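Here the structure comes first, spelled out in structure tokens, and everything after it is commentary.
The values are calculated or read from the model by the stated rules, or taken from the named source; none is laboratory data. It should be emphasised that the depicted structure is a prediction, and the values quoted were computed from it without experimental measurement. Cβ placement follows ideal geometry from the backbone for every residue including glycine, while neighbour counts extend to all protein chains displayed. Surface areas here come from the heavy atoms of the whole protein model, side chains and all, with no ligands, DNA or RNA. Shrake-Rupley method; radii C 1.70, N 1.55, O 1.52, S 1.80 Å.
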Amino acid sequence: MGHVLFLSATAAARWIRDHGAASIMAGLVERLEADFARWPEFDAAPRLASHSPVGVIELMPVSDGFDYTFKYVNGHPANPAHGLQTVTAFGVVADVTTGYPRFVAEMTLLTALRTAATSALAARHLARPDSRIMAMIGTGSQAEFQALALRETLGVSRLRIWDTDPRAMAKFIRNIEPLGFEIHVASSAADAADGADVITTCTADKRRAIVLDDSMVEPGVHVNAIGGDCPGKTELDPAILRRAEIFVEYEPQTRVEGEIQALATDHPVTELWQVIADRSAWVRRPEAITVFDSVGFAIEDFTVLRFAEEAAGAVGLLEPLDLLASPDDPKDLFGLVMGVDAPLPTA
Ligand code: NAD
């Protein structure tokens, strides 16, 4: 039968443990930067979203003409109350020339890596270079990855954290304090944002929430808005957006899913890749408020899938997966059914 290579969740966790999330994300930032710089080579399109009252299931495909990738991902904010994660994912890489898939991967961990690396890439281009203090509103699954990536790329080392769930903050401190961060546990979002150079909002709620009020954002601050990523699901006071310069991944998708759904459809925004492809396209004013209105885009999944395929493959962490029916005679698929004698693996 035809094998593809498989990165299991256990192997992905081992890869991140052995090589370090920060160092993997540093490499990923460079790869993302290279792929963002060649953005027009991709057949970008908004993702396909299937909404229900409790969440969303999305398919995120893209190709550069050589490789085709897609990710399956869900977002269900009430899941943690039932012992399940808000976000889970898996993905596939296929060869465009044959259409054959060649790599299948868990992507719950890979999504956290690529989301944080994309935030870091955006912050590298948009935040003040002397940024050292980051407020983090929402300290759930994505949070540690965000902190590590922003430290690695921007030099942020002091964190001011706030989550409505004290257990999420205790978990975050347990995981991140040993890695050398200075942490202030805030008593509110306003307390967290006080004096911050960068504010990351990474909460999960299926409604138009305002976790960051206009009064909490000083001139010169970079807002890394991660959690508002679906129709009817936002985190920022629209007044912040009206004062800010706004950067998005892919405008047609973000108009529907991002913070900017609260604004007029012609409100000016800039796609991040344009700033990366042409460094002279935008220059930061020290007092400017910048917002990275992140919703997650398929090119980021493309980059992390290709990166993991190479890097985890190079250290022997991929295993063969018997995914494709492959008859010796490509026209004799039925013969394969008649000739099969191998025992099935037991579950
Ligand atoms: P999670 O459920 O693990 O964590 C979310 C945290 O937010 C929880 O600890 C919750 O208590 C906290 N929270 C909710 N409302 C709050 C509020 N008003 N103030 C402070 N804290 C609050 O979820 P996660 O996996 O960390 O994901 C967070 C969000 O990021 C989700 O909405 C998810 O859809 C989104 N996300 C976006 C991208 C992207 O590319 N932009 C990628 C992954 C996840």
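Every test in (1) modelled with pLDDT under 95; (2) within 16 Å of the ligand (Cβ to nearest atom); (3) of a type in the set (A, V, I, L, M) is passed by residue 281 save one, and that test is (2).
Annotation note: Cβ proximity below 6 Å between a residue of segment 101-122 that is open to solvent by 10 Å² or more (accessible area, probe 1.4 Å) and a residue that is within 12 Å of the ligand (Cβ to nearest atom) and of a type in the set (Ser, Thr, Tyr) (sequence gap 6+ or interchain) occurs for 108/88. Checking each residue in segment 154-182 for being crowded, with 22+ Cβ neighbours inside 10 Å and part of a helix (DSSP H, G or I) picks out 154, 172. Considering segment 8-78, the qualifying strands (runs of 3 or more DSSP E), each wholly inside and each with 2 or more residues that are open to solvent by 50 Å² or more (accessible area, probe 1.4 Å), within 30 Å of residue 322 (Cβ to Cβ) and aliphatic (A, V, I, L, M), run over 55-63.
Somewhere in segment 327-338, is a residue more than 30 Å from residue 215 (Cα to Cα), in contact with a helix residue (DSSP H, G or I) (Cβ under 6 Å, 6 or more places away or on another chain) and either open to solvent by less than 90 Å² (accessible area, probe 1.4 Å) or modelled with pLDDT under 95 (or both)? Yes, the conditions are met somewhere in segment 327-338.
Among the residues of segment 29-66, those identified as among the small types (Gly, Ala, Ser), touching a strand residue (DSSP E or B) at 6+ places or on another chain (Cβ under 8 Å) and under 18 Å from residue 77 (Cα atoms) are 49, 50, 55.
Summed over segment 172-197, residues that are touching a Ser or Thr at 6+ places or on another chain (Cβ under 7 Å) and under 21 Å from residue 211 (Cβ atoms) total 2.
Among the criteria (1) closer than 15 Å to residue 135 by Cβ; (2) open to solvent by less than 10 Å² (accessible area, probe 1.4 Å), the one residue 218 does not fulfil is (2). In segment 107-115, the condition of being aliphatic (A, V, I, L, M), more than 10 Å from the ligand (Cβ to nearest atom), under 20 Å from residue 4 (Cβ atoms) and in a helix (DSSP H, G or I) is met by at least one residue. When 289, 276 are checked against the criterion of being in contact with a Phe, Trp or Tyr (Cβ under 7 Å, 6 or more places away or on another chain) and more than 16 Å from the ligand (Cβ to nearest atom), a single residue qualifies: 276.
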